[in-house]
1. Residue 68 - would you say it is free of Cβ contacts under 8 Å to residues at least 12 places away in the same chain and closer than 13 Å to residue 7 by Cα?
2. So residue 71 passes all but one of these: (1) surrounded by 20 or more Cβ atoms within 10 Å (Cβ to Cβ); (2) modelled with pLDDT of 95 or more. Which condition number does it fail?
3. Sort out which residues of the stretch 71-84 are more than 16 Å from residue 32 (Cβ to Cβ) and either part of a loop (DSSP other than H, G, I, E, B) or touching a residue at least 40 places away in the same chain (Cβ under 8 Å) (or both), and write them in order of number.
4. Tell me which strands (runs of 3 or more DSSP E) are completely within the stretch 3-59 and hold 1 or more residues being touching a residue at least 60 places away in the same chain (Cβ under 8 Å) and surrounded by 13 or more Cβ atoms within 10 Å (Cβ to Cβ), or say none if there are none.
5. On the basis of being more than 13 Å from the chain's Cα centre (by Cα) and at pLDDT below 95, does residue 83 make the cut?
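The values are calculated or read from the model by the stated rules, or taken from the named source; none is laboratory data. None of these values were measured; they are calculated from a predicted model. Ideal geometry is used to build each Cβ from the backbone, glycine not excepted, and the neighbour counts take in all protein chains shown.
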């Protein structure tokens, strides 16, 4: 279950100095989105944020779509999964 935040936009492109254990414990996000980031950013962030947090980077996943439907359910969909484009944009 989500903690304080459903979605956290990772500070400073996912850098370890800006994404601290204190931030992780305070925010307890279900999703962490990184704008850009280095190749190993996601693996580094998985060590900082909860094991249950889904981590997406625009470098690896392309654009990330966050939507809330009419019943209040959050949907987070990346444009690419494993290098393949998804049909998120046709919804």
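1. yes
2. Going through the list (1) surrounded by 20 or more Cβ atoms within 10 Å (Cβ to Cβ); (2) modelled with pLDDT of 95 or more, residue 71 breaks only (1).
3. 71, 72, 73, 79, 82, 83
4. 7-9
5. On the way: more than 13 Å from the chain's Cα centre (by Cα): yes; at pLDDT below 95: yes.
Judged against the criteria, residue 83 is a match.
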